[in-house]
Every structure is written in structure tokens, then in C-alpha cells.
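Heads up, the thing below is written out as C-alpha cells.
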């Protein structure tokens with residue numbers, strides 16, 4: 001019997017993902033896997049969340065980038081512990097990389113661990129990292145066709161954040177179309193319209209996050 005390289009990679013990843021799930025369950029840590037295109041505002045959204053909720057929950061962040069630790073520096077400046085993973089060209093994080101990062105992060109001391117995946121709407125969605133919930137960011141400047149172009153990614157979302165809504169009046173973006181398209185592929189996903197820059201709508205995202213943390 002032939003086993004493809006992709007099958008081997010996914011099998012190994014699934015084993016590590018299960019280890020991560022066990023770790024999070026044992027330590028009562030909520031883990032979010034945040035996926036989006038580059039420039040959608042993932043780091044800004046996470047940073048604002050850390051600042052606004054610092055007196056309610058302790059958040060740790062695992063940053064995934066092809067190169068540099070720029071985003072990890074921003075997260076630390078926001079007041080949270082962060083571990084940077086440089087993928088050296090890979091377009092997604094793996095569960096094994098996350099498993100190793102959890103030790104460096106001392107994740108057992110956290111209430112919430114946020115994994116900021118590599119900027120990409122394709123590859124990251126295929127790899128389970130052991131997270132409890134998956135968050136997809138879609139920013140207004142990206143355009144309103146992303147849910148139909150990447151239905152598999154949006155179908156796996158527990159929550160979709162439509163970010164940079166403060167730019168809605170300046171960009172041709174059909175919000176009704178986006179909402180309808182998301183509902184077609186994922187009727188159960190929570191959808192929040194936010195601006196991580198101005199703070200608009202962020203309270204709804206915070207309420208959802210705090211509710212999930214409480215279980």
C-alpha cells in the first residue's frame with residue numbers, strides 16, 4: 001500500500017494536535033487559531049483584545065510568520081507573553097511547532113492562548129493545531145468575494161470577524177453579500193463587524209470570547 005507524503009504529514013500533525021488538545025483541556029486553557037490574509041489586521045485585533053481585557057483574562061500568543069519577530073514584539077508591547085515561530089517559508093503552522101511553543105510560553109499559566117497563524121487563507125485551514133475554536137478575519141479592503149473564493153476556510157470558522165469596518169464608506173464592499181455568502185457555507189458561525197483600530201464593535205467579540213472561556 002502506498003501512503004502519500006501529504007497523508008504522512010497530516011497524520012503526524014493530527015497526533016501532535018491531539019497532544020495539544022489534551023494539554024489545553026488538562027490546564028483549562030482556551031485556545032484560538034486565528035487565520036486570515038496578510039494585512040487583515042490580525043495582530044492589531046489581538047493586541048487590542050489583550051489591552052482591553054488585561055484585567056479579566058491572561059492571554060498568551062503564539063505568533064507564526066515566515067520570517068521576523070515583528071508581530072511578537074507588538075504583542076509583548078501590548079502586555080502579553082508571546083513566542084515567535086518562524087516557518088522559514090512554510091505557509092502555515094504545524095501542531096508540532098505549537099506543541100514546542102507551548103513550553104516556551106508557559107501556556108499552562110494562561111487563561112487563553114491565541115495562535116496567530118501565517119497570513120494565508122488556504123494552507124492554515126487544512127492543519128488542526130489542537131485549538132478549541134477557529135477565528136477567521138476578513139478585512140474590508142480585501143474585498144467582498146473572499147467567502148466564495150475560500151469556502152472551505154470559512155466553513156471551518158467558529159467566528160468570523162469582519163475587520164476595518166471604519167473604512168466601509170471609502171471602499172466598494174458589499175456587506176450584505178459577504179454575510180449571505182458566509183451563511184451559505186457556515187450557517188452556525190458567529191459574525192462580528194469590528195474595527196480593531198477605532199474599537200467599534202469590539203465589545204461583541206469580547207463578550208463572545210469571555211463566554212467561551214467560561215465554558
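Only the coordinates and a few stated rules stand behind these numbers; no lab work does. It should be emphasised that the depicted structure is a prediction, and the values quoted were computed from it without experimental measurement. A quick note on method: Cβ atoms are made from the backbone with ideal geometry, for glycine too, and the neighbour counts reach across all protein chains shown.
Some observations on this one:
- Average Cα contact separation per residue, the range 113-215, under 8 Å, 6 or more apart, as relative contact order %: 25
- Ordering of 112-125, 17-30 by packing is 112-125, 17-30, highest average first (other Cβ atoms within 10 Å, averaged per residue).
- Each residue, residue 122 and residue 96, gets one label point 7 Å from its Cα in the Cβ direction; the gap between the two is 2.3 nm.
- Label-point gap, in nm, between residue 26 and residue 86 - each point 7 angstrom along Cα→Cβ: 3.1
- Multiplying the residue separation of residue 70 and residue 56 by 0.36 nm and removing their Cα-Cα distance gives an extension gain of 2.4 nm.
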